[in-house]
Structure formats: structure tokens, C-alpha cells
Amino acid sequence: MSIKINASFTDDSEKKILVRMFKPLVRAGHKCKIVKGEQYNHIYVVKKRGNNLNMLSIRDIII
């Protein structure tokens with residue numbers, strides 16, 4: 001399964017919400033990268049190399 005998610009945030013409270021939202025994907029083997037920008041910060045969620053992820057289990061979806 002191919003996945004690429006880009007999200008922007010401005011303060012730490014938004015960052016905490018986004019990181020919590022993406023936690024099931026990280027548990028399932030994806031990588032979450034946080035990049036600081038001038039006006040907005042960005043979170044990128046991408047598939048790790050060599051990961052054969054076909055589908056999320058129910059355990060991974062529950063936060």
C-alpha cells in the first residue's frame with residue numbers, strides 16, 4: 001500500500017493533535033517526519049522502505 005500524507009501546523013497544540021492522529025500509521029510501520037518551516041511547520045507520513053504493509057489491523061486503528 002502506498003501512502004504519503006503532508007500536514008501543516010503552527011503551534012505545539014496542533015502538533016500534538018496531528019501526531020496523535022498519525023500514531024496508528026506509525027505503529028503499522030510508517031515513518032513520521034517533522035520539519036520546521038518559516039511560517040508553518042510540516043509533518044510528513046511516508047512508507048518506510050522494505051515494509052510490506054497490506055492493511056491495518058483493528059488493534060492499530062484504536063488510539
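The values are calculated or read from the model by the stated rules, or taken from the named source; none is laboratory data. From a predicted model like this one, the values you see are computed outputs, not experimental measurements. Every residue, glycine among them, receives a Cβ derived from its backbone with ideal geometry; neighbour counts consider all protein chains shown. Areas reflect the complete protein model, heavy atoms only, side chains present, ligands, DNA and RNA absent. Shrake-Rupley method; radii C 1.70, N 1.55, O 1.52, S 1.80 Å.
A compact table of results
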quantity	calculated
Those residues of the range 1-22 which are surrounded by fewer than 14 Cβ atoms within 10 Å (Cβ to Cβ) and basic (K, R), in sequence order	K4, K16, R20
Of all residues in the range 33-48 being open to solvent by 50 Å² or more (accessible area, probe 1.4 Å) and within 8 Å of the chain's Cα centre (by Cα), the one that is nearest to I3 (Cα to Cα)	Y44
